[in-house]
Every structure is written in structure tokens, then in C-alpha cells.
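Here the structure comes first, spelled out in C-alpha cells, and everything after it is commentary.
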Amino acid sequence: MAGFRWVVAGLLFGASALSFFDRQVLSVLAPRILADLGIGNVEYASAVSAFTLAYSVMFTLGGRAIDFVGTRAGLGVAVAFWTVASLLHASVRGAGDLTVYRFLLGVGEGGCFPGAARGILEWFPAKERALAMGIATTGGSAMGAVLAPPLIVWVSSVVGWRGAFLATGAIGVVWVALWFLLYRKPAGVVTSRAVEKPWPMGSLLARKEVWGLLAARFVFDPVFYFYMFWIPQYLSRERGASLEQIGRLAWIPFLTLGVSSLLGGAVSDGLVRRGWSIDRARKTVMAAAALLTPVSMLAMAAPDAFWAVVLMAVLMFAHGFWMTNYMTMIGDLFPAASVGTVVGLTGTAGGLAGFLSSLAVGRIVEAVSFGPVIVACGVLYPVGLAVLLVTIPRVERLEVRQG
């Protein structure tokens, strides 16, 4: 049991890494794909927004479904669906096709993080939970984003950008086969948590803690969507970077995210083992992370593309500490049987914010520059922290009433 739960964490790490790798193919190759298909930034923003819209809606629907059908079936089907959507990108012919396929990718990927979070809550005790959550969610997504720029640029140089989509789809097929072959329900004490029924949606939405989590994510998630989808365009448009230079630079912020995701979980779990309350440990780490993010605004004054990326990486470093503890906080507050739903609700809130912000970014960039967007990114995490401190006075297991 003790050893296998880390195998589970590894499988979930692979799912979240694959989800970010798949969505990064378009953003990394955007300068080339847009030029090849004759698509502008406004049309690109529409395709990105189609993904975030579907992703945000399916976060809740997918999370709720996984709470009812279970982690194995729910997450396995979700990964299989988005793998097919990723493969379809190889046949895109114009902005319309691209928008449809991005929408389908978002439908599948919406179930990833609710499923990963539920899997961790089913298998891991509180003293190991933050580290495991960091590995399976933020760490996996960061690793996918780290590997994507150099590998995608290399693969596209060998087989073209359409071949890059086929390659990532093949990886998805392998993961789905391994998942259904290896994953089983946890046994023993952990199973007693796993078999609980999900609480009614009304009971969850009656909690101010849920609304605090939703509001905070609505505030800070647009930052991550911007970093995920727009850094290559920023480097190309405002820093004059070539596709090869983008491949050498765009992974740096996500490497810092991967490292900080593990550190954020380890530090938080370490504080709990030292006798800190879960409330104090989670909030202290998140407060430190939020107060670090304004440093990223200095990227506008950086002398070249490399130093701009380094300063942006400071925000991603902070995000790793922040997001690992944010996700773990949900598990601290709610039972495993309802975690998929709560994570899904927060993802929907963040996705809707990402959808709206992506449309805005495209227009702001065309009308002004990336400057106002970078400034906004530097101030939103402290705002999100304030929301959480007001709405969640103490992080402890809640009694969610039936009916």
C-alpha cells in the first residue's frame, strides 16, 4: 500500500503532465501555425477562448462525474477523449477547425485535475498530502510545460507541426493503456473515505468557504492562462525571438514551477509535522508566494528576452507554492468523495475568468502592448490571498450537511 500509492501519484503526475504538454503544442508553435494558416491574434484568441470555455464548464461536470463513477473510469475516459481531440489538430485547415478542436480538447482536459486531486485524497494521509498533491497536479503540469517547448520545436522540425500533434496523441494512447492496466481502488482504511457518497451540490454551495475558493481562483487563474498561452507570442512580438529562441526560453518559467510545486508541498507538510496547524502551514506558504509575485512586473524593463523570461519565472516559482497549497487546502476542507466536485467548481470559475481574459488579452495586445497585461499579472495573487483569508477563517475539515 505504502509503495503503491506513490505509483498512483506517478500515474496522476503523468496525466497532468500530458494535459499541459498537449495544450502547449499550439501555443509553442503558434507563430508558425498562424502564419501557415493565415490566422491573426484575434482569431488565435478565439481558439484559445474556445478551449478555456469548454475546459471551465467540464471542470465542474467532469469533477462531478468522477465523484460518481470513480477515479479509474472517470479519469481514464477523460484522457482518452482529449487524446483523440489532440490527434484531430493534425488535420486543421483554418481558424474554424482550430477553434472546434481546441473546444474538444478542453472538454476532455476538464476532468484531469478533479480526477488527480480525488486520486491523491483517496490514497494519501494528511501528513503526505501536500507533497503528493504537488507531484500529481502542479508538478505534473509544470513538467509537461517544461518539456513541451524544446521537444515540440524539435519534433516539428523533423515531422512538421502537424506531426507534433500526432506525436502527443500517441503518448496519450500509451498513458490510457497503462492507467487501466495498473490503477485499482485503494484498500483498507483509505477505502472507507473513498466509498463515501458525494454531498449534494446545494450543501456545498451553501458554504462560504466554497465561494471563497471560487472567487480567489477567478482572480488568479487568468495569470496562469496568460503564461500558458501567450508567452511565445510575447517573446515573438515584443522581444523579436525566433521559434528556436522560444524553444530555448519558454520552458524556463515552467521548470521553476515544477521545482516550487514540490518544494511548496514539502515545506507545507514539513511545517505540519513540526507541529504547525494545517491552517497556519497552508496560509503561511500561500501568503509568502502571493507577496513574491509583483516582482514579475519588472519583466517589462528587462534588457532582453532572456531576462524578461527569468523575471516572469519568479511568478511561476511563486505559483508553484501557491497552487500546491491551494489544491491541498481543498482536500483539507472537504472529504475525498466531494473533492472532485469542489476542485471542478473552482476550475470552472478559473476557466471562465481565463476565457474572458483571453479575449481581452488579444485585443489589448493588438491595441496597446503586453505591458498592461504583465502589470495585472503582478497584482492579482495578493488580491486572491485577501479573498481566501476573509472567506476561510480556518482550514479544517468541514461538516457538509446532507440535503
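What follows draws every value from the coordinates through simple rules; no lab data is involved. Fair warning: this is a prediction, and the values are worked out from it, not measured in the lab. With ideal geometry, Cβ positions are generated from the backbone for all residues, glycine too; neighbour counts draw on all protein chains shown.
So the values come out like this:
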quantity	calculated
Label-to-label distance, nm, for residues given as Val295 and Ala206 (7 Å Cα→Cβ offset)	4.5
Over 12 Å [Cα-Cα, segment 357-403], rounded percent	73
Lysines with Cα under 21 Å of Lys283, excluding same-chain neighbours fewer than 8 positions away	Lys127, Lys208
Relative exposure of Ser242, Ser27, judged by other C-beta atoms within 10 Å (fewest first)	Ser242, Ser27
Spatial separation of Cα centroids for segment 263-316 and segment 10-46, in angstrom	26
Length gained when the stretch Trp307-Ala367 is fully extended (0.36 nm per residue, less Cα-Cα span)	19.1 nm
Restricting segment 312-403 to trypsin sites (Lys or Arg not before Pro) in coil, as DSSP defines it, with at most 13 other Cβ within 10 Å	Arg394, Arg397, Arg401
Order of Trp276, Trp251 - criterion: other Cβ atoms within 10 Å of each residue's Cβ, fewest first	Trp276, Trp251
The chain: calculated mean residue ellipticity at 222 nm from DSSP helix runs of at least 4, using -39500 (n - 2.57)	-28000 deg cm²/dmol
For segment 226-281: span of alpha carbons on each principal axis (Å, largest first)	51, 18, 13
Orientation-averaged projected area, Cα convex hull of segment 35-170 (nm²)	8.8
Sorted peptide list for 339-346, 212-219, criterion being average Cβ within 10 angstrom, highest first	339-346, 212-219
Low-density loop positions, GluC sites (Glu not before Pro), segment 356-403 - DSSP coil, at most 12 other Cβ in 10 Å	Glu396, Glu399
Value in Å of the Kirkwood radius, where the chain supplies the Cα pairs that are averaged	20.8
Ratio of Rg to Rh over segment 93-228 (Cα coordinates, Kirkwood Rh, two decimals)	1.02
Candidate lysines for bridging to Lys197, where Cα separation is under 16 Å - those fewer than 8 sequence places away on the same chain excluded	Lys185
Burial ordering of Trp199, Trp154, fewest other beta-carbon atoms within 10 Å first	Trp154, Trp199
Net charge over other residues, Cβ less than 14 angstrom from the Cβ of Gln233 (K, R count +1; D, E count -1)	+1
